[in-house]
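Notes to accompany the following structure.
Taken together, the values in this text are just the output of simple stated rules run on the coordinates, not laboratory data. All values derive from a computational prediction rather than experimental measurement. Note: ideal-geometry Cβ built from the backbone for every residue, glycine included; neighbour counts use all protein chains shown.
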């Protein structure tokens, strides 16, 4: 069974895929506003209604991204995404 077939039989899975795509699209929309050196340290996180979460790699990146959140929110609104807030969470990848 392909992923597309599974999604057609499971509405919950289809909704999850839709939210992941929306989150990635939002990140692509604000990417020009993110300093180039910070881009690899930021990932799209979950979308919850009009709220969105950015996952960052460290506290230092989180501090800088929090300063940029008002600009991100304004930019998303100009692109047609309602935005009631952007949360920034530090997400440390597990060591291998």
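Of the peptides 50-59, 76-85, the order by per-residue mean of other Cβ atoms within 10 Å, starting with the highest, comes out as 50-59, 76-85. Treating r as the C-beta distance of residue 16 and residue 91 and R0 as 22 Å, the FRET efficiency rounds to 0.75. Most simply put, the range 10-90 has about 45% antiparallel DSSP beta bridges, counting only bridges with both residues inside it. In the range 10-90, the C-alpha radius of gyration followed by the widest Cα-Cα span (Dmax) gives 12.5, 40 angstrom.
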